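The values are calculated or read from the model by the stated rules, or taken from the named source; none is laboratory data. Every value quoted in this text rests on a predicted model; they were computed, and no experiment measured them. Because the Cβ atoms are built from the backbone with ideal geometry, glycine has one as well, and the counts that use them run over all protein chains shown. Protein only, heavy atoms only, side chains kept; ligands, DNA and RNA dropped before computing areas. Shrake-Rupley method; radii C 1.70, N 1.55, O 1.52, S 1.80 Å.
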Amino acid sequence: MTLVDVITHFDTDERCRELLVRLRWPNGVECPRCNMAAVELATEKQLFYCKGCDYQFSVTTGTVFNDTHVPLQKWFMATLLLCEAKKGMSALQLKRTIWGKNKGSYKTAWYLCHRIRFAMTEVHKMLDGTIEIDETYIGGKNWHKGIAAGRENKSVVIGIIKRGGELKFVHVKEATSAAIREVMTEHVSEDVDMIVTDESVLYPRGLPKSQVSKRKTVNHSADEYVRYEDGFCVTTNTVESAFSLFKRGIVGSWHRVSPKHLAAYLNEMTFRFNRRKSHTLFLDTLRHMVTAPVLTFEQLTA
Ligand SMILES: [Zn+2]
């Protein structure tokens, strides 16, 4: 799907709604309140009506599109732009691309981006196979100059990736063994084949008991980044390149990510990363948007 495709195929509100209906209710329109089958009303507004609970709704009711004043075609364009921007796109850039330099409001674009991002959330799944895990520091003063610049006021992100599979980023309060153990227990299966870490002291203590014997390390302080052992490639390069992609997003696109919204940006990045080879990223994102709950401006800025 390209921007030209979006502009050509989804040129009216009606066409956008038709697609959203198919994505939200692949087995026929259902009432969001009581799940009964609903009928379309004979109006131009594409409203549905549920006889069971006397509820009238549209395809965007109760989703991230809820109460939007932005035409759906612009929503579709914004979604495509965010899907295609490997390193993310700032709300300001998006506003200029869709509305123009002196039109549209930054606040509208910012809220729009956050609602798309909010929908870009993975279904929870335990990782198995060969796992790489590492931690990194985001934000704070001079963070881009590296860890040597100090870790104060920085946010800690734990990255876990299954080789040939999914990536997860988790924002934690502190880089401690306890935090790592919590993340590993929640996201990594007991049946994991191998866990590769660096020699940080966090890991021997941070791994749950069932995972300790699966650990292999690379010795970064001895300039070792890749090692082969019994046919296994022992390296944390995959998760480290995912971190650097995220950091390039901050430097090049978002400029600054507050700790409050960090998890949302991490979600966006991993959602896109995990579908980088997929041909249905755009449709997949729209499907998430039309099935994710409402995100109000008040919730976002609370
Ligand atoms: Zn109903």
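Values as computed for the structure displayed
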item: Qualifying helices (runs of 4 or more DSSP H) (wholly inside the stretch 191-302; at least 2 residues being surrounded by 14 or more Cβ atoms within 10 Å (Cβ to Cβ)); result: 202-206, 209-212, 237-249, 259-274, 281-289
item: The stretch 63-97, residues that are of a type in the set (D, E, K, R) and farther than 23 Å from Lys247 by Cβ; result: Asp67, Lys74, Lys95, Arg96
item: Residue within the stretch 124-132 that is more than 16 Å from the ligand (Cβ to nearest atom), closer than 23 Å to Leu245 by Cα and open to solvent by 50 Å² or more (accessible area, probe 1.4 Å) present; result: yes
item: Selection within the stretch 15-37 - within 20 Å of Leu72 (Cβ to Cβ) and either within 16 Å of the ligand (Cβ to nearest atom) or surrounded by fewer than 13 Cβ atoms within 10 Å (Cβ to Cβ) (or both); result: Arg24, Trp25, Pro26, Val29, Pro32
item: Residue list for the stretch 50-73, restricted to those being free of Cβ contacts under 8 Å to residues at least 40 places away in the same chain and under 14 Å from Val21 (Cβ atoms); result: Phe57, Thr61
item: Unmet criterion (only one of (1) open to solvent by 50 Å² or more (accessible area, probe 1.4 Å); (2) away from the ligand (no atom under 11 Å from the Cβ)) for Asn66; result: (1)
item: Filter result for Phe246 (within 15 Å of the chain's Cα centre (by Cα), of a type in the set (A, V, I, L, M, F, W, C) and either closer than 30 Å to Thr301 by Cβ or not assigned by TED's automatic domain parsing to the domain that holds Lys86 (or both)); result: yes
item: Neighbours by Cβ (under 8 Å, 6+ apart or cross-chain): first from the stretch 255-283, outside the structural domain of Glu166 (by TED's automatic domain parsing); second of a type in the set (Asp, Glu) and open to solvent by 50 Å² or more (accessible area, probe 1.4 Å); result: Asn267/Glu122; Thr270/Glu122; Phe271/Glu122; Asn274/Glu122
item: So Glu40, is it within 15 Å of the ligand (Cβ to nearest atom), within 28 Å of the chain's Cα centre (by Cα) and among the charged types (D, E, K, R); result: no
item: First in the stretch 159-179 and open to solvent by 20 Å² or more (accessible area, probe 1.4 Å), second anywhere and among the small types (Gly, Ala, Ser) and in a loop (DSSP other than H, G, I, E, B), Cβ under 8 Å, 6 or more apart; result: Lys162/Gly129; Arg163/Gly129; Gly164/Gly129; Gly165/Gly129
item: Only one of Lys86, Lys95, Lys74 that is more than 16 Å from the ligand (Cβ to nearest atom), modelled with pLDDT of 95 or more and open to solvent by 50 Å² or more (accessible area, probe 1.4 Å); result: Lys74
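Conditions (1) of a type outside the set (Gly, Ala, Ser); (2) in contact with a Phe, Trp or Tyr (Cβ under 6 Å, 6 or more places away or on another chain), marked per residue:
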{"position": "Leu167", "(1), (2)": "yes, yes"}
{"position": "Val170", "(1), (2)": "yes, no"}
{"position": "Ser177", "(1), (2)": "no, no"}
{"position": "Ala222", "(1), (2)": "no, no"}
